[in-house]
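The values are calculated or read from the model by the stated rules, or taken from the named source; none is laboratory data. All figures in this text were calculated on a predicted structure; none of them were measured in a lab. For neighbour counting, all protein chains shown are included, and Cβ atoms are generated from backbone atoms with ideal geometry for every residue, glycine included. Accessible surface areas use protein heavy atoms only, side chains included; no ligands, DNA or RNA. Shrake-Rupley method; radii C 1.70, N 1.55, O 1.52, S 1.80 Å.
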Amino acid sequence: MELCRRRYKNPLFILTSDDLSWCREHLQAKDVHVLGDSRTEPPGPGRDLALLAACNHTVFDYGTYGFFGAFLAGGDMILADGFAELEHEIVAELRVGGINATFLDPDGVLLPHCVLCT
């Protein structure tokens with residue numbers, strides 16, 4: 001999120017998650033907004049995906065849901081890399097597909113490319 005704050009003027013972060021309690025506890029900031037639980041509140045997960053697709057840029061983890069939101073949105077895709085010995089399949093697909101993404105190491109340092117990309 002700090003990278004986005006440096007890159008973009010007045011970013012606004014909209015969080016969707018299946019663990020909203022964790023998000024509220026760990027990602028509190030004036031520019032962060034947590035949506036309600038789409039699993040239990042109408043209109044459901046489609047709302048979250050539609051909202052993610054309407055964003056300019058996306059910070060996401062290794063879930064397919066976040067990936068598709070990021071892919072549909074266009075703009076920068078920002079995700080962590082280098083947490084595991086094996087390359088995550090989402091990272092592999094980004095690499096193989098030639099899809100541009102920004103990778104951060106476990107300490108939040110910008111990587112020139114994904115850890116296991118050649």
### Query
Considering every Cα-Cα pair within the range 1-60, what fraction, in whole percent, is farther apart than 19 Å?
32
### Query
What is the ratio of the Cα radius of gyration of the chain to 2.2 N^0.38 Å, where N is its residue count, to two decimals?
1.07
### Task
Kindly work out what percent of the DSSP beta bridges joining two residues of the chain are antiparallel, to the nearest 5.
20
### Message
Tell me the relative contact order for the chain as a rounded percent, counting alpha carbon contacts under 8 Å between residues six or more apart.
### Response
15
### Query
So which residue, out of Leu94, Leu52, Leu79, gets the largest mean-square fluctuation from a GNM of the chain using Cα contacts under 10 Å as springs?
Leu94
### Message
At 1.4 Å probe size, with the rest of the protein present, what percent of the exposed accessible area of the range 1-114 is carbon and sulfur atoms?
### Response
55
## Note on the structure
A correct Karplus calculation of ³J(HN,Hα) over the range 3-16, with 6.51 cos²θ - 1.76 cosθ + 1.60, θ = phi - 60°, whole Hz and x for Gly and Pro, returns 4, 5, 5, 7, 6, 10, 7, 6, x, 10, 9, 10, 9, 10
### Query
Among all stretches of the chain without exposed chymotrypsin sites (Phe, Trp or Tyr not before Pro) (DSSP loop, at most 14 other Cβ atoms within 10 Å), which one is longest?
9-82
### Message
Rolling a 1.4 angstrom probe over the protein chains, ignoring ligands and nucleic acids, what is the accessible area of Arg5 in square angstrom, nearest 10?
### Response
70
### Query
In terms of modelled amide H atoms, which long-range or inter-chain residues lie less than 5 Å from the amide H of Leu15?
His33, Val34, Leu35
### Query
What is the set of long-range amide H partners of Val59 at a cut-off below 5 Å, with H atoms built 1.01 Å from backbone N?
Ile78
### Other-chain or far-sequence residues with amide H under 5 Å of Leu111's (modelled H)
Phe103, Leu104, Asp105
### Query
Given springs between every Cα pair under 10 Å in a Gaussian network model of the chain, which of Gly98, Gly36, Gly69 has the largest fluctuation?
Gly98
### Estimated [θ] at 222 nm from DSSP helical runs (n ≥ 4, -39500 (n - 2.57)) normalised by residues in the chain, nearest 500
-9000 deg cm²/dmol
